[in-house]
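What follows is a set of notes on a single structure, which appears directly below.
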Amino acid sequence: MRKTEELWGVFAARHAEAVYEAAERREKIYKENPALPELDRKITDAGARYCLALAGEGEADAIKEELTALQKQKEEFLAAIGADLEPHFACSLCQDTGMAEEGMCECFRRERIAENFRFSNLEQALTEQSFENFDWSLFSDEAQGKLLSPRENMKKIYTLCKEFVEHFDHIRENLLFVGATGLGKTYLSTAVAKALLEKGKSVIYISAPEFVRRLEDLRFKDDKTDLEQFFTADLLILDDLGTENTTAYTMATLADIIDQRLRTGRKILFSTNLNLDGIQKAYDERVVSRLLGNFFYCYFYGEDLRIKAFKEGK
Ligand SMILES: [Zn+2]
């Protein structure tokens, strides 16, 4: 992932490139049209005389007229040969510097978000899954012996997730989504990821089996940049915890990642089909104790939404 500082560098280079390209283009046009350097010489000369006239006496008006006429002549000449001497910036607001009058340019903000999206592994298709598009009608409002109906329970979790996003920089706890498949865990994880990406945060979204595969791939590589992202992204989302084949190495690395993230205040969202007992059996104590001590436990229950949606023809 590119860090924000690196993106500033990209913008600076882009600006410089446009300026350089314009200079080269200008040089070529000037070589092909000797009238242009001649006109420039006359304009410079008239400009100098105009300054002198302003400082001294008389004639300034006449020289100014001459200067304007020369400038107009140059413009017309350029128009006649169809020449363009200006740098071609992608963004006219900031001239590709990323900084506009009122601070960070919109184009820079957009690019940073796009960069974060690419880095997050979030598929574009999933981005429909937002807080706004949440479909409450899929959740039953019958308590069925529980304290809260699935819909009420979901409202609690939904609110918690929205607060997690809103106070992301200050909140201490992480999120642990627990519950069977098809109850909205992935949907809400995606909504959280998407909302944070739009706030300019870096998010990695990865399933636990894919995560373990990546750790094994990176294990013997010298370049640790790809590994580093799991430690340093603002939010790490590990989906489907418990479905991966762990080894001593991946277990230890996972524990290291959790530890360092907790220490540096970087957030984690885990989701799992396992219950507490299952988690305790699947992971070593180091991982389990971190999970129990530093996570909001969100328990999803109710009817499988995919089956329900299918039945209702949604
Ligand atoms: Zn811009």
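Check off (1) within 16 Å of the ligand (Cβ to nearest atom); (2) loosely packed, with under 10 Cβ neighbours inside 10 Å; (3) at positive phi for residue 98 and give me the number that stays unchecked.
It fails just one condition, (2).
Name the one entry in 143, 208, 180, 193 that is open to solvent by 10 Å² or more (accessible area, probe 1.4 Å) and in contact (Cβ under 8 Å) with a residue 24 or more places away in the chain.
Just one listed residue meets the conditions, 180.
Of the residues 9, 82, which is at pLDDT 90 or above and open to solvent by 50 Å² or more (accessible area, probe 1.4 Å)?
Only one candidate passes the filter, namely 82.
Say we look at segment 102-129 and pick out the residues that are under 15 Å from residue 237 (Cβ atoms) and open to solvent by less than 60 Å² (accessible area, probe 1.4 Å); which of these is modelled with the lowest pLDDT? Spell out how you get there, then give the answer.
Applying the first criterion (under 15 Å from residue 237 (Cβ atoms)) to segment 102-129 yields 116-117, 119-123, 126-127, 129.
Subset that is open to solvent by less than 60 Å² (accessible area, probe 1.4 Å): 116-117, 119-120, 122, 126-127, 129.
Details: 116: 76, 117: 76, 119: 75, 120: 76, 122: 78, 126: 60, 127: 65, 129: 83.
Top of the filtered list is 126.
Which numbered condition trips up residue 15, out of (1) open to solvent by 90 Å² or more (accessible area, probe 1.4 Å); (2) under 49 Å from the mean Cα position of the chain (by Cα)?
(1)
If you check residue 94 against the conditions, is it out of contact with any strand residue (DSSP E or B) (no Cβ under 7 Å at 6 or more places or on another chain), hydrophobic (A, V, I, L, M, F, W, C) and under 30 Å from residue 16 (Cβ atoms)?
Spelling it out, it is not the case that residue 94 is out of contact with any strand residue (DSSP E or B) (no Cβ under 7 Å at 6 or more places or on another chain), hydrophobic (A, V, I, L, M, F, W, C) and under 30 Å from residue 16 (Cβ atoms).
Restricting the search to segment 1-28, which residues are in contact with a Leu (Cβ under 7 Å, 6 or more places away or on another chain) and over 30 Å from residue 104 (Cβ atoms)?
Once the filter is applied, which keeps residues that are in contact with a Leu (Cβ under 7 Å, 6 or more places away or on another chain) and over 30 Å from residue 104 (Cβ atoms), segment 1-28 yields only 26.
For segment 250-272, state whether one or more residues are in the same structural domain as residue 146 (by TED's automatic domain parsing), open to solvent by 20 Å² or more (accessible area, probe 1.4 Å) and closer than 26 Å to residue 155 by Cα.
Among the residues of segment 250-272, at least one is in the same structural domain as residue 146 (by TED's automatic domain parsing), open to solvent by 20 Å² or more (accessible area, probe 1.4 Å) and closer than 26 Å to residue 155 by Cα, which makes the answer yes.
So that you can scan it fast, the table gives a plain yes or no per residue for (1) among the charged types (D, E, K, R); (2) out of contact with any Lys or Arg (no Cβ under 8 Å at 6 or more places or on another chain):
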| position | (1), (2) |
| --- | --- |
| 194 | yes, yes |
| 201 | yes, yes |
| 216 | yes, yes |
| 221 | yes, yes |
| 225 | no, yes |
| 235 | no, no |
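Enumerate the pairs (first residue in segment 79-96 and outside the structural domain of residue 11 (by TED's automatic domain parsing) and within 14 Å of residue 13 (Cα to Cα); second residue anywhere and more than 16 Å from the ligand (Cβ to nearest atom) and of a type in the set (Gly, Ala, Ser)) with beta-carbon separation below 9 Å, excluding pairs fewer than 6 apart on the same chain, so at least 6 apart or on different chains.
So the pair list comes out as 87/22; 87/23; 88/22.
Are any residues in segment 65-116 in contact with a Ser or Thr (Cβ under 8 Å, 6 or more places away or on another chain) and not in a loop (DSSP other than H, G, I, E, B), and if so, which ones? Let's see the steps before the verdict.
Taking segment 65-116 first, the residues in contact with a Ser or Thr (Cβ under 8 Å, 6 or more places away or on another chain) are 105, 112, 116.
Passing the criteria: 112, 116.
Cβ-Cβ distance below 8 Å, separation of 6 or more or different chains: which pairs start in segment 37-63 with a residue that is over 20 Å from residue 78 (Cα atoms) and end on one that is not in a helix (DSSP H, G or I)?
Going by the 8 Å Cβ cut-off, the qualifying pairs are 53/59.
Taking segment 223-240, which residues are in contact with a strand residue (DSSP E or B) (Cβ under 8 Å, 6 or more places away or on another chain) and either touching a residue at least 40 places away in the same chain (Cβ under 8 Å) or more than 23 Å from residue 275 (Cα to Cα) (or both)? Working first, answer last.
Start the filter on segment 223-240 by keeping residues that are in contact with a strand residue (DSSP E or B) (Cβ under 8 Å, 6 or more places away or on another chain), which leaves 229-230, 233-240.
Scanning segment 223-240 gives 229, 230, 233, 234, 235, 237, 239.
Six or more apart or on different chains, Cβ under 8 Å: which pairs go from a residue in segment 263-277 that's outside any loop (DSSP other than H, G, I, E, B) to one that's charged (D, E, K, R)? Could you list them?
267/234; 267/261; 268/261; 271/185; 271/239; 271/240; 272/240
Does segment 262-290 hold any residues that are more than 17 Å from residue 212 (Cβ to Cβ) and touching a strand residue (DSSP E or B) at 6+ places or on another chain (Cβ under 7 Å), and which are they?
267, 269, 275
The values are calculated or read from the model by the stated rules, or taken from the named source; none is laboratory data. Because the structure is predicted, anything quoted here is derived from the model rather than measured. Don't worry about glycine lacking a Cβ; one is built from the backbone with ideal geometry, like all the others, and counts go over all protein chains shown. Heavy atoms of the whole protein, side chains included, go into the accessibility calculation; ligands, DNA and RNA do not. Shrake-Rupley method; radii C 1.70, N 1.55, O 1.52, S 1.80 Å.
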